[in-house]
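Quick one: the structure is below, and I'll ask about it shortly.
The values are calculated or read from the model by the stated rules, or taken from the named source; none is laboratory data. As the structure is a computational prediction, the values presented were derived from the model and not from experiment. Cβ sites come from the backbone with ideal geometry, for glycine too, and all protein chains shown count toward neighbours.
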Amino acid sequence: MLRAIDAAKYLVSLNNYFNSTVPDENKEILSNLKIQKLLYYAQGAYLAMYDKPLFCENLHAWTYGPVVTDVYHAFKVFGANNVEIDPDFDTNILSVEEKNVLDEVYEALGKYTASQLVEMTHNEAPWKLAFGKPNDTISNDEIKIYFLENYISD
């Protein structure tokens with residue numbers, strides 16, 4: 001199964017590609033905070049579409065929305081700045097299905113700021129149900145149900 005850090009690196013590689021094709025004023029900042037929200041949406045889409053998680057790590061309900069703890073710690077050095085990865089990251093470690101879901105999530109939601117994505121996740125049941133609880137893990141079952149009811153159409 002895919003690791004969340006590899007899904008995050010794939011999102012960074014997508015952003016790098018996008019930024020290489022547009023003028024400076026249109027470049028997207030892909031911060032750690034924004035990556036966390038895109039991971040949440042990718043996990044939700046994958047759970048709803050394939051009935052299994054995209055990555056094995058849990059999402060946690062932190063103050064600014066869903067977070068994969070390991071990815072947060074790996075990228076926290078970048079602060080609110082654009083996350084950079086090794087340019088030799090091998091995207092071929094992802095399956096076609098994994099890439100397709102991440103591509104779709106990036107295309108649909110990459111245009112939003114980290115703050116907008118935080119606000120979106122704060123209005124969704126999976127984060128609301130877990131936030132403030134001693135075990136702040138966001139249930140994959142709750143994510144799947146929410147995404148099936150709200151995002152995936154027949």
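Name, by its number, the condition in (1) part of a helix (DSSP H, G or I); (2) at pLDDT below 95; (3) not small (Gly, Ala, Ser) that does not hold for ASP154.
If we test ASP154 against (1) part of a helix (DSSP H, G or I); (2) at pLDDT below 95; (3) not small (Gly, Ala, Ser), just (1) comes out false.
Sticking with this one: Quick check on this structure: which one of ALA80, ALA74 is under 21 Å from TYR17 (Cα atoms) and small (Gly, Ala, Ser)? If you could, list the steps in order and put the result at the bottom.
Values: ALA74 fails: under 21 Å from TYR17 (Cα atoms).
Selected residue: ALA80, the only one of ALA80, ALA74 that is under 21 Å from TYR17 (Cα atoms) and small (Gly, Ala, Ser).
All but one of (1) within 17 Å of the chain's Cα centre (by Cα); (2) closer than 14 Å to SER13 by Cα; (3) modelled with pLDDT of 95 or more hold for ILE85; state the number of the condition that does not hold.
(3)
Confirm whether GLU97 is farther than 17 Å from ILE35 by Cβ, crowded, with 16+ Cβ neighbours inside 10 Å and in contact with a Phe, Trp or Tyr (Cβ under 7 Å, 6 or more places away or on another chain). Reasoning before the result, please.
Values: farther than 17 Å from ILE35 by Cβ: yes; crowded, with 16+ Cβ neighbours inside 10 Å: no; in contact with a Phe, Trp or Tyr (Cβ under 7 Å, 6 or more places away or on another chain): yes.
Criteria not met by GLU97.
Can you tell me which residues in the range 133-147 are under 15 Å from LEU54 (Cβ atoms), of a type in the set (A, V, I, L, M, F, W, C) and either out of contact with any His (no Cβ under 7 Å at 6 or more places or on another chain) or part of a loop (DSSP other than H, G, I, E, B) (or both)?
Selection gives ILE143, PHE147.
A follow-up question, please. Among the residues of the range 109-141, count how many are surrounded by fewer than 20 Cβ atoms within 10 Å (Cβ to Cβ) and more than 12 Å from the chain's Cα centre (by Cα).
Adding up the residues that qualify gives 22.
Working only within the range 88-100, note down all residues that are hydrophobic (A, V, I, L, M, F, W, C) and closer than 10 Å to LYS9 by Cβ.
Filtering the range 88-100 down to residues hydrophobic (A, V, I, L, M, F, W, C) leaves 89, 93-94, 96.
PHE89, ILE93, LEU94 - these are the residues of the range 88-100 that are hydrophobic (A, V, I, L, M, F, W, C) and closer than 10 Å to LYS9 by Cβ.
How many of the residues in the range 3-50 are at pLDDT 95 or above, surrounded by fewer than 19 Cβ atoms within 10 Å (Cβ to Cβ) and either outside any helix (DSSP H, G or I) or among the acidic types (Asp, Glu) (or both)?
3
Another one. Scan the range 100-122 and tell me whether some residue there is of a type in the set (Lys, Arg) and modelled with pLDDT of 95 or more. Reasoning before the result, please.
The first filter runs over the range 100-122 and keeps only residues of a type in the set (Lys, Arg), leaving 111.
Filter once more, so that each one left must be modelled with pLDDT of 95 or more: none.
Checked against the condition, which is being of a type in the set (Lys, Arg) and modelled with pLDDT of 95 or more, the range 100-122 yields no hits at all.
Turning to a different aspect of this structure: Got at least one residue in the range 100-108 being in contact (Cβ under 8 Å) with a residue 40 or more places away in the chain, of a type in the set (Ser, Thr, Tyr), surrounded by 14 or more Cβ atoms within 10 Å (Cβ to Cβ) and touching a Ser or Thr at 6+ places or on another chain (Cβ under 9 Å)?
no
Still on this structure: Go through the range 53-96 and give me each residue that's assigned to a helix (DSSP H, G or I), in contact (Cβ under 8 Å) with a residue 40 or more places away in the chain and within 29 Å of LYS128 (Cβ to Cβ). Explain how you work it out, then say what you get.
First pass over the range 53-96, keeping only residues assigned to a helix (DSSP H, G or I): 69-78, 91-93, 96.
Remaining after also requiring in contact (Cβ under 8 Å) with a residue 40 or more places away in the chain: 70-72, 74-76, 78, 91, 93.
Matches in the range 53-96: ASP70, VAL71, TYR72, ALA74, PHE75, LYS76, PHE78.
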